[in-house]
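This report concerns only the one structure given below.
The values are calculated or read from the model by the stated rules, or taken from the named source; none is laboratory data. It should be emphasised that the depicted structure is a prediction, and the values quoted were computed from it without experimental measurement. Reconstructed Cβ throughout: ideal geometry from the backbone, glycine too, with neighbour counts over all protein chains shown. Quick note on the areas: whole protein, heavy atoms, side chains included, nothing else; ligands and nucleic acids left out. Shrake-Rupley method; radii C 1.70, N 1.55, O 1.52, S 1.80 Å.
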Amino acid sequence: MNVDRATLDKLSFDRVQQAVADRAGTFMGAELARAIDPGVPEVEALAMHDRIGEIVDGGDLALGGIEDIRPFLERVRDGGLLTGLDILAVAYTLDGAATLRRSIAASRRPALTELAARIGTFDGVLRQVREQLDVDGNVRDDATPKLQDIRRRLNPLRGRIRDRLTRLLESHADDVQEPIITLRRDRYVIPIKAYAQSRVPGLALDRSDSGATVFIEPASVVPLNNELALLEMEERDEVRRVLYALGRSLADVPGVDESLEVVAVLDLSNAAARLAKEWRLVRPRFDEAGRVRLLDARHPLVVDCVPNSIELDAEQRVLIVTGPNAGGKTVLLKTLGLATVMAYSGLYVAASSAKPALVP
């Protein structure tokens, strides 16, 4: 059905679109809801009606843990790097999608199952994420043999540096501003009183705002700090390599894009079913004979709307609406127009279920 934008605006169809979007569980579903249109093929509208009916009868879909990960996938495909938390977000969403597919398959709802079957299985890549990242998104020590070796050497080296600096703090107790070990320019230093700087051989890496303290990297620690800096660079490079590889694995896993599209359609169906329950909507039927039958039809956007029954068929093809100003003539016309537009957009309509609601 082709309906121009001006007509849709007069029917306030954008308010219906937003009402569906407000009930979506994901950004992707809300995005689809704001774009629903009566111009979809009739077979798609009928499939949507089937899915809405199965959700109304069988209960809402479980969409927890699913978010819009398309920007993450796009970043990876453009050569960018994801953080560990970004990768976990992608993994949780793919796991949520797979869980949704299994849940629907177990519920014996054929229309939903047929659609959900297009969601991929991601067990392999999800196992890889679990093996290489912890729950906080940090790369695990044993993510790769190289990283394991680097980190096995890092902690003892940091301990040696701190031990040496602790002894220096004790031996230069009178020259120390405060007995702490701190970092400046990613190197371990100790705070020395400015006037005593010459008493502690080493490199001055920083000065306090007041100028009373100089942060010294003692000469005896310089080689250890150098070794530490090299190891930390190797660690950063290996962590980046792991994160990049995980990102590529997630972005390139077969079926990921189609799975997200299916999840969005399922979310749209779920939102439309919620709307149907809240607004007391019924399933419409497309009548090949061109009949209209909407018993106790209501304008769903008009509060406390007075219901009217509208019936047109081959014998009664014309209905003349008369009455005073503000008597409801326009509301009746918009009720019929909006019901038809909603039906062809795959939504249910505001009418009684006493007899099947028909639109041409």
Expected vector for region 285-293, Karplus 3J(HN,Hα) from phi with 6.51, -1.76, 1.60 and θ = phi - 60°, integer Hz, x for Gly and Pro, equals 10, 8, 9, 5, 7, x, 6, 10, 9
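For region 1-155, what is the per residue volume of the convex hull drawn over the alpha-carbon atoms, in cubic angstrom? The partial results should precede the final answer.
Details: hull volume 24.0 nm³, N = 155.
Hull volume normalised by residue count: 155 Å³.
Give me the 1.4 Å probe accessible area per residue for the chain, excluding ligands and nucleic acids, in Å². Walk me through the intermediate numbers first.
Numbers: 18710 Å² over 360 residues.
Value for the chain: 52 Å² per residue.
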Would you calculate the convex hull of the Cα atoms in region 88-229 and tell me its volume per residue in Å³?
155 Å³
Would you mind checking the pairs K10/K329; K277/K329; K277/K355 and listing those with alpha carbons more than 23 angstrom apart?
K277/K329
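Scanning the chain for helices, which whole DSSP H stretches are 20 Å or more long along the axis (Cα) and average 0.0 or more by Kyte-Doolittle?
Numbers: long enough: 42-58 (24 Å, 0.04); 84-106 (33 Å, 0.82); 145-171 (40 Å, -1.14); 222-252 (44 Å, -0.23); 256-279 (34 Å, 0.38); 329-344 (23 Å, 1.09).
Taking the DSSP H segments of the chain (at least 20 Å long, mean hydropathy at least 0.0), we get 42-58, 84-106, 256-279, 329-344.
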For F27 and R140, compute 0.36 nm times the residue count separating them, minus their Cα-Cα distance, and round to one decimal in nm.
37.6 nm
Distance from region 58-77 to region 223-261 (C-alpha centre basis), Å:
22 Å
Label-point gap, in nm, between I320 and A245 - each point 7 angstrom along Cα→Cβ
8.1 nm
Stretched fully, the stretch from D14 through D78 gains (0.36 nm per residue minus C-alpha distance, one decimal, in nm) 19.6 nm
Give, rounded to the nearest 20 debye, the magnitude of the charge dipole that the chain has about its Cα centre when Lys and Arg contribute +1 at Cβ and Asp and Glu contribute -1 at Cβ.
300 debye
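Carbon-plus-sulfur fraction of the accessible area of region 82-177, 1.4 Å probe, in percent?
Working: 2400 of 5230 Å².
Its accessible area is 46 percent carbon and sulfur atoms.
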Rh by Kirkwood over Cα pairs, then Stokes-Einstein D for region 161-223 at 1.567 mPa s and 4 °C, µm²/s
115 µm²/s
Work out the P(r) tail for region 205-257: percent of alpha carbon pairs separated by more than 18 Å, whole number.
63 percent
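Treating only the Cβ of Lys, Arg, Asp and Glu as charged (+1, +1, -1, -1), what charge dipole size does region 257-356 show about its Cα centre? Round to the nearest 20 debye. Write down the numbers at each step before the final one.
Working: 12 positive and 12 negative charges, 99 e Å.
Here region 257-356 has a charge dipole of around 480 debye.
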With no solvent and one point on each alpha carbon, what is the Debye value of log10 I(q)/I(0) for region 29-102 at q = 0.14, 0.25, 0.26 Å⁻¹?
-0.66, -1.14, -1.17
Hz values of 3J(HN,Hα) by residue in region 112-118 - Karplus curve (6.51, -1.76, 1.60), Gly and Pro given as x
5, 4, 4, 6, 5, 4, 7
From zero outward in steps of 20 Å, how is the percent of C-alpha pairs of the chain spread across the bins?
23, 32, 22, 16, 7, 0
Counting sequence-distant residues (5 or more places) and residues on other chains, those with an amide H built under 5 Å from that of I181 are none
